[in-house]
1. By how many nm would the segment from B:S92 to B:A116 grow when fully extended, if each residue of separation counts as 0.36 nm and the alpha-carbon distance is taken off?
2. Which entries in A:K140/A:K193; A:K139/A:K188; A:K62/A:K105; A:K66/B:K253; A:K205/B:K76; A:K133/B:K253 show an alpha-carbon gap greater than 31 Å?
3. Which net charge results when you count Lys and Arg as +1 and Asp and Glu as -1 among the other residues whose beta-carbon is under 13 Å from that of B:K27?
4. Return B:C248, A:C84 ranked ascending by Cβ neighbour count within 10 Å, so the fewest neighbours appear first.
5. Could you sort the peptides B:176-188, B:129-141, B:20-32, A:107-119 by per-residue average Cβ neighbour count (10 Å cutoff), highest mean leading?
6. So what's the Cα pair-distance distribution over the stretch A:112-210, bin width 10 Å, in %?
7. Using amide H atoms built 1.01 Å from N in the peptide plane, name the residues 5+ places from A:T187, or on other chains, whose amide H lies under 5 Å from its own.
8. Which residues does a label at A:S83 reach in the stretch A:154-191, if reach means a backbone N under 16 Å from a point 7 Å past the Cα toward the Cβ?
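Only the coordinates and a few stated rules stand behind these numbers; no lab work does. On a predicted model such as this, the values are computed, not experimentally measured, just so you know. Cβ coordinates were reconstructed from backbone atoms using ideal geometry, including for glycine residues, and neighbour counts include every protein chain displayed.
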Amino acid sequence: MRTKLLIAITFLAGCQANEAKPIPVTQPPAEAKTIVAPVIPSGELPELSIYQLDSTWTTQDKAEIKLDSFRGAPVVIVMFFGSCRTACPTIIADMKRIEKAAGPKAAEKTKFVLITFDPKVDTPDALKALEKKFELDSKKWTFLHGDEGSIREVASVLNVQYREVSEGQFSHTNLITLLDPNGVVTTKIEGLKQPIEPLVASLNKIAGDS
Amino acid sequence: MRYWLIIIGLTLNSVAFAAAPERVRIKGDSYAPFYPGADKEEQLVEDFEMDTFPVTNAKFLAFVNANPKWQRGAVKALFADASYLENWPSPSSVVGIENQPVTHVSWFAARAFCDAQGGRLPTEHEWEFVSRADETRVNATGDLAFNQKVLTFYSKPGSGHIDNINQTPANYWGLHDLYGLVWEWVEDFNSSIISSDNRQSGDKQESKFCGGAALSAANTREYATFMRFAFRSSLKSSYTLHNLGFRCAYDIKSE
């Protein structure tokens with residue numbers, strides 16, 4: 001009874017806030033069908049581009065980069081932590097399924113980005129070890145290590161919620177997000193082992209495969 | 001020194017306000033958080049400092065003037081939605097609402113403000129730790145009357161009007177207005193999922209939203225606390241709400 005009441009309160013609180021403040025809708029990407037050669041974006045970023053975040057990250061190869069260095073390519077991005085033995089392999093497997101199902105242009109261009117929640121444990125070296133373990137091509141797959149504030153920030157724009165529930169263990173939303181070449185969120189897959197077709201369809205469209 | 005100048009600048013406010021320090025030091029301790037960790041009941045909160053009052057429109061205007069990219073109309077949609085500072089008479093005026101808590105600010109804007117003061121947003125643990133106090137006790141959450149008072153505030157329908165700061169007496173720590181005026185941003189507002197973790201793959205809705213959270217709360221009597229967690233979990237970092245403000249926290253510099 002008490003639990004039910006609590007749930008009711010929560011829904012009320014959540015729904016009120018949601019009603020008061022509809023989620024700003026991302027403009028759907030322009031139809032790509034008529035575009036022969038995909039346009040390489042330039043100039044000012046769209047207002048909802050996550051590439052406006054100014055944070056600096058270290059890759060598994062110890063390169064210092066900003067998120068806008070991915071500009072120009074479609075990006076499949078997730079947040080994860082390496083010491084999670086269950087969700088981590090599954091989410092990488094889901095990303096590999098996307099890579100495999102993508103059309104030829106998409107497969108060539110798409111970048112796969114994994115941002116860790118756990119900068120203490122998932123050092124660049126540890127991330128490099130993960131890349132090797134999962135046999136990922138470092139030209140396409142980038143692991144990112146950043147400070148806690150930067151991680152919190154990027155999680156907030158990807159709508160990933162997470163909490164460190166004990167030392168090195170994180171409770172988090174499993175979300176695979178497709179960013180268009182300007183860093184605007186396009187399609188998401190929520191949860192693990194979900195159908196990938198809608199995301200792959202968007203990806204192919206962005207890359208000029210369909 | 002700077003603080004006193006600001007306070008002198010706000011001479012029309014009450015005597016009690018002028019006498020209150022700009023920020024207070026919080027002596028950290030272990031506490032039992034609303035959501036206990038997986039392997040521990042207690043969470044350590046380190047010593048820190050916190051603003052005595054929520055940030056006012058006047059202070060936020062000074063920040064905006066110094067940082068024009070945070071002006072209403074100039075901010076990009078990723079960082080603040082369309083109602084950002086919409087209650088201000090103009091993008092560069094807060095006439096008549098100087099001493100009200102600033103609201104209609106996004107998480108990004110609140111963060112940028114605190115950063116400019118050499119501070120940061122408080123963590124959820126820090127905010128929850130200090131908000132357990134009433135005027136005399138570090139932790140009053142076991143007291144039904146205290147919980148009822150907080151709930152009464154949370155159940156007030158938002159009329160749009162917000163009073164000036166310094167409406168409530170200082171709590172044990174010397175902090176005012178943690179309850180009664182506005183909700184406040186915390187740094188990790190987007191951590192409020194959820195008992196279901198990465199290992200669970202059951203009902204997505206239940207694991208992602210409210211129900212899952214209810215089942216893991218440590219003390220189901222703390223409805224008020226629960227409402228804060230529910231509220232936070234409904235936010236996005238670009239949201240700007242008419243009843244959501246913030247105050248800053250500061251690390252203690254080692255001497």
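1. 6.8 nm
2. Listed pairs above 31 Å: A:K133/B:K253.
3. Net local charge, B:K27 excluded: -4.
4. In order of increasing Cβ crowding within 10 Å: A:C84, B:C248.
5. B:176-188, A:107-119, B:129-141, B:20-32
6. Final binned percentages: 13, 40, 38, 8, 0.
7. A:L178
8. A:163-172, by backbone N distance to the label point.
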